There are 2 protein chains.
Amino acid sequence: MNKSDQDNYFMSMSIKEALKGEDNVFPNPRVGCVIVKDGNVVSTGFHEKFGSPHAEVMAIKNLNRDIVDATLYVTLEPCNHHGKTPPCTSIINSGQIKRVVIGSSDPNSDIQNGIAALQDKGIDVEVGVNEDRARSINPRFFTYHEKKRPYIILKYAATLDGFLAEPDGKSKWITSSKSRESVQLLRSTCDAILVGRHTVEKDDPNLTSHGIGKDPIKIILDPSNKLSKEYSAIDENTIHFTSELISNSPKENIDIVLNKLFKMNIQSLLVEGGAVTLTHFIKSDMFDEIHAYYAPKLLGKGKTIFNGKKGISELLNLSIVNTEIFDNDIKITYKRD
Amino acid sequence: MNKSDQDNYFMSMSIKEALKGEDNVFPNPRVGCVIVKDGNVVSTGFHEKFGSPHAEVMAIKNLNRDIVDATLYVTLEPCNHHGKTPPCTSIINSGQIKRVVIGSSDPNSDIQNGIAALQDKGIDVEVGVNEDRARSINPRFFTYHEKKRPYIILKYAATLDGFLAEPDGKSKWITSSKSRESVQLLRSTCDAILVGRHTVEKDDPNLTSHGIGKDPIKIILDPSNKLSKEYSAIDENTIHFTSELISNSPKENIDIVLNKLFKMNIQSLLVEGGAVTLTHFIKSDMFDEIHAYYAPKLLGKGKTIFNGKKGISELLNLSIVNTEIFDNDIKITYKRD
């Protein structure tokens, strides 16, 4: 292997390490690290959970012999600040580590330039190896820090002919109980969940994970202040956006809401409808994934998914990243390119 | 293994043999056969293509030693008539074969009671072992003979919000070229293809397999005689149903068309739309599969899949039997339970 192939290979291995962190590291990103000496892996590490040591620290700690002139591969730029743990840059020393290969730089401005700190210590640093894959393991983290808004997932459950509900709004239940359980699981992985006023009025959803995991913070858009406080969706932690906070301009409202959620450190937002709310997010081009459920039913008439108007040559730039079957419903997960 | 487990096991093996016939045996069904002596398979056979020897004949021919008191497993009742080949019942003799185990009886009345013919020769016959699976390898054949109509596949290509075309009827192209190629392959496996008059007027589709395989016979519904002869869909072999043959009652028309196709020995019919035609077939409850393509697009407005009206508790009894991805389109294949 030449040096570039070798770098890609060990970065792939670091990415695999990072994935072991699963969802436990939030709000931190998943990070993996591999230390290599003369072409052999001498140690590995990953960030296990929020508050625990970072991947680089684990890998250095896991070294079972003294080494010099090793190369450290890490999926994300090492941090250079005191947070829950000391800065990683202080633990990486040029006596042991001659070269650091980084998948992606850190978009979080709080990290205070880890790359420069390593270079100041006389360490060779290379950034951007296998970068797309290194970034792809933390889509919510990168979107949050780079776009200054939460990562947005639109979710809907429709019939084969694209209806979310009967004409009078009845939607209980389009999909099977297994599909709905999978939605509860999805909720448990999101920091916040948002619905519009009509959905609360019609369905009064509880918007929780039903005990599967943590519950997202509930966000309700109600620009004309029509909701009383008697709904399951509204509890003491719900953020109820009324005319005090938002206007009658849907586009503006989305910006206001996303900005507030960003300031609350909310990295991921699940938008569960209804049609009006989904349409505002689609029209504003504010979404990163669509989770589409289709039940094997036809309605002929009803509430549509998208209240706007587009032509068949207008692309949404969606790629299918996953499909799952729940009884005879299908869930298709799309990601924006 | 007890006798029943053993019978199921060797019937499964016969079904695997049958599948080797693929689509080459049409209009015959796929049939497989295994001959077993003292718990060991001593020969196998399958129906390879239309006009070639049947599975039982192949299995007997493939025996490489003299046997007595063997059991012959066959997925379908052996034939008892002279067709392209001599009757199978005349080749199965009680000297060699003591017992015949049959997956499913033959719904084709032309076969003239193969079971009784075997019993008359003193052979023990058992019918209905692993019957559902034995039938499932020939859905078109069984539907054709039992329901006296072709097996009906409804196919549509829609946006995520369930539109087949823009409001003015423009549908070129909702789906990707790879999706459309897969439709051409599907056409090559069907005996006939049907569209309504509007689809011909709007799209003038050629309705062929584009050279991938054989072309289905084209069927066009035009009850008000509005189509001139200048369309690609209309050639010398097209069956153009005009007011001479059909009326203004869609339900009656479907019966007339299916009856005519049955008499023409057409075992499978692909219905490619448009919405009016699909709706008539759905309302008449005349379909066995739905092949649904969804492209990652939204229109908001346009031609719908189903022009009727149903409630969310009305089930179509569809099971997902396959999903395929073509670029970022998804094809979902549903079969009726």
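Values in this text are rule-based calculations from the coordinates and carry no lab data. Please read these numbers as outputs of a predicted model, since none were measured by experiment. Virtual Cβ from ideal backbone geometry, glycine too; neighbours counted across all protein chains shown.
If you take each beta carbon of peptide B:155-165 and count the beta carbons of other chains within 10 angstrom, what is the mean? Please report the intermediate quantities before stating the final value.
Values: counts 0, 2, 0, 3, 6, 12, 14, 12, 6, 1, 1.
The per-residue average across the peptide is 5.
Please sort through the DSSP H helices of chain B and keep those with an alpha-carbon extent of at least 15 Å along the long axis and a Kyte-Doolittle average not below -1.0.
Numbers: long enough: B:3-19 (24 Å, -0.72); B:177-188 (17 Å, -0.94); B:250-263 (20 Å, -0.26).
What comes out of the filter, once short or polar helices are dropped, is B:3-19, B:177-188, B:250-263.
Mind listing the label-point distances from B:N248 to the same position on all other copies, shortest first, one decimal in nm, points 7 Å along Cα→Cβ?
4.7
Please identify which residues in the stretch B:207-223 have an amide N closer than 11 Å to a label point set 7 Å out from the Cα of B:D235, following the Cα→Cβ vector.
Residues B:207-211, B:215-218 qualify, since their backbone N sits under 11 Å from the label point.
State, to one decimal in nm and shortest first, how far the label point of A:K263 sits from each corresponding label point in the other identical copies (label point: 7 angstrom along Cα-to-Cβ).
Label-point separations across copies, in nm and ascending: 7.8.
At 7 angstrom along the Cα-to-beta-carbon line, where would the label on A:D69 sit relative to the other copies? Give the distances in nm, shortest first.
For A:D69, the inter-copy label distances come out at 8.1 nm.
I'd like the distance separating the alpha-carbon centroids of the stretch A:283-331 and the stretch B:43-120, in whole Å.
When both Cα centres are located, 51 Å separates them.
For a 21 Å ceiling on Cα separation, which of these pairs sit above it: A:K335/B:K331; B:K147/B:K226; B:K155/B:K178; B:K155/B:K331? Please report the intermediate quantities before stating the final value.
Values: A:K335/B:K331 18 Å; B:K147/B:K226 32 Å; B:K155/B:K178 16 Å; B:K155/B:K331 10 Å.
Cα-Cα > 21 Å for B:K147/B:K226; rest within.
Starting from the Cα gyration tensor of the stretch A:148-336, take the square roots of the eigenvalues, sort them a ≥ b ≥ c, and report rounded, prolate or oblate (rounded when a/c is under 1.5, otherwise prolate if a/b is larger than b/c, else oblate).
On the way: a/c = 1.33, a/b = 1.25, b/c = 1.06.
Taking the square roots of the gyration eigenvalues as a ≥ b ≥ c, the stretch A:148-336 is rounded.
Select the chain B residue whose beta carbon lies nearest to the rotation axis carrying chain B onto chain A, and write the distance in whole Å.
Axis-proximal residue of B, distance in whole Å: B:G162, 1.
Measure off 7 Å from each Cα along the Cα-to-Cβ vector at B:S105 and B:S90, then give the distance between these two points in nanometres to one decimal.
2.4 nm
Hey, got the dipole for chain B? About the Cα centre, +1 on K and R Cβ, -1 on D and E Cβ, debye to the nearest 20?
On the way: 42 positive and 44 negative charges, 92 e Å.
Value, rounded to 20: 440 debye.
Dipole of the protein assembly as shown, Cα-centred, from +1 at each Lys and Arg C-beta and -1 at each Asp and Glu C-beta, to the nearest 20 debye? Mind showing how you got there, number by number?
On the way: 84 positive and 88 negative charges, 131 e Å.
For the protein assembly as shown, the charge dipole is close to 620 debye.
Answer rounded, prolate or oblate for the protein assembly as shown, using the Cα gyration tensor with square roots of eigenvalues a ≥ b ≥ c: rounded when a/c is under 1.5, else prolate when a/b is larger than b/c, else oblate. Don't jump to the answer; show the numbers that get you there.
Numbers: a/c = 2.53, a/b = 1.52, b/c = 1.66.
Because a/c hits 1.5 or more and a/b fails to exceed b/c, the protein assembly as shown counts as oblate.
For the stretch A:3-138, what percent of Cα pairs sit more than 26 Å apart? Numbers along the way, then the final one.
Values: 926 of 9180 pairs.
Value for the stretch A:3-138 (Cα pairs over 26 Å): 10 percent.
Where does the charge balance sit around B:E324 when Lys and Arg score +1, Asp and Glu -1, over other residues with C-beta under 12 Å from its C-beta?
Numbers: positive: B:K178, B:K331; negative: B:E181, B:D327, B:D329.
Once all neighbours under 12 Å are counted, the net charge is -1.
Take the Cα of A:E252, step 7 Å along the line toward its Cβ, and report every residue of the stretch A:206-231 whose backbone nitrogen sits under 16 Å from that point.
Correct set: A:222-225.
Binning at 10 Å from 0, report for chain A what percent of all alpha-carbon pair distances ends up in each bin.
Percent of pairs per bin, in order: 5, 23, 28, 20, 15, 8, 2, 0.
Top mean-square fluctuation among A:L298, A:L72, A:L118, Gaussian network model of chain A, C-alpha springs under 10 Å?
A:L298
Counting Lys and Arg as +1 and Asp and Glu as -1, each charge on the Cβ, what is the dipole of the stretch B:105-196 about the Cα centre in debye, to the nearest 20? Don't skip to the end; give the middle numbers.
Working: 13 positive and 13 negative charges, 107 e Å.
Dipole magnitude for the stretch B:105-196 comes out near 520 debye.
Report the one residue of A:Y156, A:I217, A:T175 whose Cα lies farthest in the direction of the positive end of the charge dipole of the stretch A:148-336 (charges on C-beta: Lys and Arg +1, Asp and Glu -1; origin at the Cα centre).
Toward the positive end, the furthest listed residue is A:Y156.
State the extension gain, in nm to one decimal, for the chain segment bounded by B:E146 and B:H81, taking 0.36 nm per residue of separation less the distance between their alpha-carbons.
Values: separation 65, 0.36 × 65 = 23.40 nm, distance 1.93 nm.
The B:E146-B:H81 span can extend by a further 21.5 nm.
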